[in-house]
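None of the figures in this text is laboratory data; all of them are computed from the coordinates on show. Since the model is a prediction, treat every value here as computed from it, not as a measurement. Cβ: placed from backbone, ideal geometry, glycine included. Neighbour counts: every protein chain shown.
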Amino acid sequence: MERRKTRVVDVGGVKIGGNHPIVIQSMTNTSSSDVKSTVAQIKRLVEAGCQLVRVTVPDKEAAQCLKQIRGLSPVPLIADIHFDPPMALAALEAGADKLRINPGTMGEKALKDIALAASSKKVPVRIGVNSGSIHRKYRHLSRVDALVQSALYYCQAMESMGCTDLVVSLKSSSVEETFLATEQFARGNDYPIHLGVTEAGTLQSSTIKSSIGIGSLLLQGIGDTLRVSVTGPPETEIPIALGILRALNLRKGVDIISCPTCGRSGYDVAKAAREVDEHLSGVEVDLRIAVMGCVVNGPGEAKHADYGIAFGPKEGVLFEKGIVINKLPNEELPKALIQLIDLGCYTERSEV
């Protein structure tokens, strides 16, 4: 797919937009005044694959703690500001690498103060517009049009004040509204776009909504950074984000192909697939791995896989590119597949 052409925004060394890889974000849900817990969660997010982390700054105590958190964080931090513009200025003083503001919760003067301070420190700003922060001028329009016009209005206001390092997000709890508003906004400007479906719900609900909303936009080349919103531990967001990017060939990683199983299966295919998936979750090499329940879905149907196994009544086969290379008892196949993949991955890495 051809990516939409945008300007490049530098967030503490992480580049957003242009031809740079799509950046995965998340947000802490610890108290920002609890430095130890917040830093620990940031490190867990980073270990899972997160590249930018947002931290809320609701009061002076949180702003003071932000400086410590930033000093201990392995990735750049985004300060999340709502309703209280002085906290944006305090976050900038504390060393925030980026601001995320919702202009609909602030007045015009506050927006000017933030724009001037951010531009003087060369700190990017994400303008977040959602269904609860539509500018009063556009409340008579349809929700989609109001989101788009509000975002354009705030971008133009920030630009007029000299703040040009902007990232924009248009979010709704409706997948359809999010898609239509973001698609419409993406035409005719070069602002990098942050993708996400807001208030997407629990793990299963968010996985469905985010995959459709974010994935459909990425397929059109729209989107430069993203967050999957999950009600629960933010660490659960990252595998979904990675999965979306890998499914669209926008991030290196392992693609596990496994059949839904049927009465022909002679082994617990789901257990085998989980075992292989867990072992390979951190491998950043493009591989397609097949875990099949029987010979019907074996080497023939899965010949496009780099490596695979297919179970039989008591024994099955280990194959590479559709060619059987060994026959083993069913219970030995998952381990043999993992060993074969490890050998192949290390070989590929050593050749790079």
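Things to note:
- Above-threshold pairs, the threshold being 22 Å between Cα atoms, out of LYS112/LYS137; LYS67/LYS98; LYS5/LYS209: LYS5/LYS209
- Using θ = phi - 60° and Karplus 6.51 cos²θ - 1.76 cosθ + 1.60, couplings along region 258-266 (whole Hz; Gly, Pro as x): 9, 7, x, 6, 7, x, 7, 5, x
- Residues of the chain were split at every exposed loop site, defined as trypsin sites (Lys or Arg not before Pro) in a DSSP loop with at most 16 other C-beta atoms within 10 angstrom, and the longest piece left, sites excluded, is 8-120.
- Between ILE325 and CYS262, residue separation times 0.36 nm minus the direct Cα-Cα distance comes to 20.2 nm.
- Net dipole in debye of region 254-351 [+1 Lys, Arg Cβ; -1 Asp, Glu Cβ; about Cα centre; nearest 20]: 420 debye
- LYS122 versus ALA40: modelled label distance in nm, points set 7 Å from Cα along the beta carbon direction: 3.7 nm
- Listed by chain and number, the aspartates and glutamates placed with their C-alpha closer than 14 angstrom to that of LYS314 are ASP268, GLU331, GLU332; residues fewer than eight positions away on the same chain are left out.
- In region 1-99, the GluC sites (Glu not before Pro) that fall in loop regions by DSSP, at most 10 other Cβ within 10 Å: GLU2
- Build a GNM of the chain with springs between Cα atoms under 10 Å apart, and of PRO329, PRO239, PRO86 the one that fluctuates most is PRO329.
- Extension gain, SER160 back to THR105 (0.36 nm per residue minus Cα-Cα distance, nm): 17.8 nm
- Relative to the longest principal axis of the Cα atoms of the chain, helix 333-351 runs at roughly 60 degrees.
- In degrees, nearest ten, helix 143-160 long axis to first principal axis of the chain (Cα): 60 degrees
- Whole-Å distance, taken between Cα centres, linking region 61-96 and region 185-257: 25 Å
- Modelled FRET efficiency - R0 41 Å, VAL283 with GLU176, Cβ distances, 0.05 increments: 0.70
- For a label point 7 Å along the Cα-to-beta-carbon line of LYS112, residues of region 64-101 with backbone N under 20 Å: 83-90, 101
- Neighbours of LYS321 by Cβ distance under 12 Å: Lys/Arg scored +1, Asp/Glu scored -1, total 0.
- In a reduced charge model with +1 at each Lys and Arg Cβ and -1 at each Asp and Glu Cβ, region 152-225 shows a dipole moment near 160 debye about its Cα centre.
- Residue-wise HN-Hα coupling along region 248-257, computed from phi with Karplus coefficients 6.51, -1.76, 1.60 (Hz; x: Gly, Pro): 9, 6, 9, 8, 5, x, 8, 9, 8, 9
- Region 275-341: proportion of alpha-carbon pairs further apart than 17 angstrom, %: 32 percent
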